[in-house]
1. Which of the strands (runs of 3 or more DSSP E) found entirely inside the range 53-122 contain at least 1 residues meeting this: small (Gly, Ala, Ser), open to solvent by less than 40 Å² (accessible area, probe 1.4 Å) and more than 13 Å from the ligand (Cβ to nearest atom)?
2. Which one is most open to solvent (accessible area, probe 1.4 Å) among residues in the range 123-141 that are within 15 Å of the ligand (Cβ to nearest atom) and aliphatic (A, V, I, L, M)?
3. Residue by residue through the range 386-412, note down the ones that are part of a loop (DSSP other than H, G, I, E, B) and farther than 19 Å from Tyr251 by Cβ.
4. Exactly one of (1) more than 16 Å from the ligand (Cβ to nearest atom); (2) of a type in the set (Val, Ile, Thr); (3) under 21 Å from His230 (Cβ atoms) is unmet by Ile179. Its number?
5. Take the residues of the range 21-39 that are away from the ligand (no atom under 12 Å from the Cβ) and in a loop (DSSP other than H, G, I, E, B): which is nearest to the chain's Cα centre (by Cα)?
6. Can you tell me which residue is nearest to the ligand (Cβ to nearest atom) among those in the range 309-334 that are open to solvent by 50 Å² or more (accessible area, probe 1.4 Å) and of a type outside the set (Gly, Ala, Ser)?
7. Taking the options Ala388, Ala321, name whichever one is touching a residue at least 12 places away in the same chain (Cβ under 8 Å) and either in contact with a helix residue (DSSP H, G or I) (Cβ under 6 Å, 6 or more places away or on another chain) or among the hydroxyl-bearing types (Ser, Thr, Tyr) (or both).
8. Counting only residues that are of a type in the set (A, V, I, L, M) and open to solvent by 30 Å² or more (accessible area, probe 1.4 Å), how many does the range 34-44 have?
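The values are calculated or read from the model by the stated rules, or taken from the named source; none is laboratory data. From a predicted model like this one, the values you see are computed outputs, not experimental measurements. Cβ placement follows ideal geometry from the backbone for every residue including glycine, while neighbour counts extend to all protein chains displayed. Heads up: the accessible areas ignore ligands, DNA and RNA and are worked out on the full protein's heavy atoms, side chains in. Shrake-Rupley method; radii C 1.70, N 1.55, O 1.52, S 1.80 Å.
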Amino acid sequence: VTISGLTRDVPADAAPAPGRAPLRLALLGFGTVGQAVARILTERTDVADRLRLTQVFNRDVARKRVSWTPADVAWTDSFDAVLAADPDVIVEVVGGVETAGTWVRRALARGISVVTANKLLMAAHGPELMTLAVEHGAHLRFEAAVAGGVPVIDAIRSGLAGDRFTRVAGILNGTCNYILSRMESGESMAGALADAQLRGFAEADPSSDVDGQDATAKLVLLAGVAFGRHVPAAQVATASIRRIDAIDFQYARRLGRTFRQLSIVESDGSGALRASVGPVLVPASSRFARNTGAQNLILITGRHGGATALSGEGAGGSPTAVAVVSDLLALSRVPANVAGPMERPWEPGCVIPPHATAYYLRFVVRDRPGILAAITTALARYDINVDAVLQERGFPKDQLPFVVTVEPCEVPALTAAMADVQAEGFHAEPPLVVPVLPEEDDAAPVQ
Ligand SMILES: NC(=O)c1ccc[n+]([C@@H]2O[C@H](COP(=O)([O-])OP(=O)(O)OC[C@H]3O[C@@H](n4cnc5c(N)ncnc54)[C@H](OP(=O)(O)O)[C@@H]3O)[C@@H](O)[C@H]2O)c1
């Protein structure tokens, strides 16, 4: 059964497809996620009639071998040996785009289905891989690639498939959320990042998290699943959270708001999409603001059903492995004599500029008379209305932070005005520009 051209999933607790032998699974990558997948498959004896781990592939596999997997599992460091054993499904949890992509292509080209957690691969080559899967009667599933254990892809494809989606907005990167919610309690950016690294939420090199590339890859997949369009990552307006400072949370509090890294994709109704990832000033009463720590939160909005919220563990070996095994169980429901209900490959997407939005502008200046006048004059030159001016006391005159909020304006006007402002000689550091989420857009605020 297909809904909106996508495979309708059979519930995970449904009976296995009649006459279907357990799916023979080759696990590619025995790292954080791979080991957690193997643990679940080994412990879940209740699904042994559907799923059977037959191979584990990893480089230098001898050092990876463990005693707790079934004794008949074959351990190999040869991908050719994996293919030669002709598994039903390859579970790709190695990561990276090039090598993993080659393996996934080779598997799909032989009609072997693939379940992957690889957001970078799917964001870069999703349509091509889906086409390959269609051509060879194979399945390609990637629930684990977005929001770890939160079943957001399944919700869009199945549970909410009856709606016409207008927007998917979410906190898709737990590291950023952890850092920003720690900063809300007075921690510095450097301190919050060090803490995230200590707790294992952030990599030694956190660039992909804090600069937005990780969330952008996930947003590309959500755009594909919700709107059937492939938006290349380079076309998503992506901003880093790096420049948010402790002082910004003081000003945000005065505005009844806080900062979150939000990933938003929305349709204009005619097939074009707006897509952005970066820090946003959200109301303190909103669900986004209430979402603290490393948790993910996604709001899926449809024309008929309104906003539906999903939240939970967006990363970590075990939650991610749950998503992988759920995909495998869904595949085990597909009757063996069915060549394969197909994914419809995403069409190329057309990205349009963001809506006119209010902005938070934070300046740090070497104080002298006339600074505020210079800023408001530059803004007025481009028809931008000032909403409020805020200044906390107690800062040195040569490093004085203050904030100007402006009413909704278009990006080109703001960019031009800020270029004029930046040409002035009074800046102690470059201004920070952050969009303000409109109250009415902040779906389902918590009372
Ligand atoms: N960890 C999470 O929370 C999470 C959440 C969602 C999605 N994912 C995705 O899941 C995938 C795996 O992530 P992970 O955290 O499990 O990574 P990981 O811990 O680094 O595991 C990757 C495994 O693949 C092996 N490997 C790497 N390159 C290889 C190669 N060229 N040939 C053979 N084996 C190779 C590694 O072996 P070595 O031991 O030799 O390095 C390691 O065992 C990635 O696509 C990631 O984006 C992860």
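1. Values: elements: 74-76, 89-92, 113-116.
Output list reads 113-116.
2. Within the range 123-141, the first condition is being within 15 Å of the ligand (Cβ to nearest atom), and the residues that meet it are 123-126, 129, 140-141.
Within this subset, residues satisfying the condition of being aliphatic (A, V, I, L, M) are 123-124, 129, 140.
Details: Ala123: 10, Ala124: 53, Leu129: 0, Leu140: 2 Å².
My answer is Ala124.
3. Hits for the range 386-412 are Asp398, Glu410.
4. All conditions pass for Ile179, except number (3).
5. Let us first name the residues in the range 21-39 that are away from the ligand (no atom under 12 Å from the Cβ), namely 21-26, 39.
Subset that is in a loop (DSSP other than H, G, I, E, B): 21-22.
Details: Ala21: 35, Pro22: 32 Å.
Restricting to residues being away from the ligand (no atom under 12 Å from the Cβ) and in a loop (DSSP other than H, G, I, E, B), the top hit is Pro22.
6. Quick first cut of the range 309-334, residues open to solvent by 50 Å² or more (accessible area, probe 1.4 Å) only: 311, 313, 315, 318, 322, 326.
Subset that is of a type outside the set (Gly, Ala, Ser): 313, 322.
Working: Glu313: 9, Val322: 11 Å.
Out of the qualifying residues, it is Glu313.
7. Numbers: Ala388 fails: either in contact with a helix residue (DSSP H, G or I) (Cβ under 6 Å, 6 or more places away or on another chain) or among the hydroxyl-bearing types (Ser, Thr, Tyr) (or both).
The match here is Ala321.
8. First, pick out the residues of the range 34-44 that are of a type in the set (A, V, I, L, M): 36-38, 40-41.
If we keep only those that are open to solvent by 30 Å² or more (accessible area, probe 1.4 Å) too, we end up with 40.
Residues that pass the stated criteria total 1.
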